[in-house]
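Data block below; observations after.
The values are calculated or read from the model by the stated rules, or taken from the named source; none is laboratory data. Just so we're clear, the structure is a prediction, and the values are computed from it rather than from any experiment. FYI the Cβ positions are ideal-geometry reconstructions off the backbone, even for glycines, and counts take in every protein chain you see. When the accessible area is computed, the model is the full protein with side chains, heavy atoms only, and any ligands, DNA or RNA have been set aside. Shrake-Rupley method; radii C 1.70, N 1.55, O 1.52, S 1.80 Å.
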Amino acid sequence: MNTNSEPYQLTLKEYKKTFDSLYTLLCLFANKYLSDIEASKDIVQVVFIKIWEDNIEFRSEENIKSYLYTSVKNKSLDYIKSKRVTSTEKLSSLKMEDMETEPFYLREVVVLETYSIVEKAIKTLPNKCAQIIRLSINNFTNPEIATKLGISLNTVKAQKKIAYKKLKPILKDYFILIAFVSI
């Protein structure tokens, strides 16, 4: 990845890496606007195709992310507006106005970026710990996790303790961000 401030186009390898690392997050982001995962996937693909076909120049990796989030937001809003005209299911103008605001956009970006950070940390855990933590994040209780995974309640508690011990140093720099998103 280019680290100086000279504009550059993504190589095929960088393009693929960017696509692989951001595609799912961008689909989830678009889905916050559209509530239609298939349309969200289409929009994200259109944005990635545009970058490649137009040889868009970027200055940094953060510049690429910013461009992608903004493009997906704009394409999603365009889609809503065009579909809204022909749809019987019209969004309230109040909800549409909210989705067009900077705070809505920033909140959704922060939530997805935080999710990405937490998920990356969870992937460092042993498989059973990771499963248990994901279920816990999704509001499963310890007894529910034990039942779902066919393990004892004590195993759930022990695995959570291991997971927290391993996640704490990895996520310590992101505590405020995670706490903010959890509110």
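So here's what we get for this one:
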read-out	value
VAL44 accessible area, 1.4 Å probe, all protein chains in place, Å² to nearest 10	0 Å²
Heavy-atom accessible area order for ILE176, ILE122, largest first, 1.4 Å probe	ILE176, ILE122
Derived scalar couplings ³J(HN,Hα) [the range 28-35; Karplus, 6.51 cos²θ - 1.76 cosθ + 1.60; whole Hz; x for Gly, Pro]	5, 4, 4, 5, 5, 8, 9, 6
Theoretical FRET efficiency, 1/(1+(r/R0)^6), r = Cβ-Cβ of THR124 and ASN154, R0 25 Å, to 0.05	0.60
Relative packing of 160-167, 70-77, 100-107, which averages over residues the other C-beta atoms within 10 Å, highest first	70-77, 160-167, 100-107
Rounded to whole Hz, the Karplus (6.51, -1.76, 1.60) HN-Hα couplings of the range 77-82, x for glycine and proline	5, 4, 4, 4, 5, 6
Straight-distance crosslink candidates among lysines, where the alpha carbon sits under 25 Å from LYS157 and sequence neighbours closer than 8 are dropped	LYS120, LYS123, LYS128, LYS148, LYS165, LYS166, LYS168, LYS172
Subset of LYS32/LYS65; LYS13/LYS81; LYS17/LYS75 violating a 26 Å alpha-carbon distance limit	LYS13/LYS81
The range 112-183-the range 22-49 distance, computed between alpha-carbon centres (Å)	26 Å
Relative contact order for the range 128-173, counting Cα pairs under 8 Å that sit 6 or more residues apart, in percent	42 percent
Potential extension, PHE175-GLU102 segment - 0.36 nm per residue separation minus Cα distance	23.9 nm
In sequence order, calculated HN-Hα J values of the range 99-111 (Karplus, 6.51, -1.76, 1.60; Hz; x Gly/Pro)	5, 8, 7, 5, x, 4, 4, 5, 4, 5, 5, 4, 4
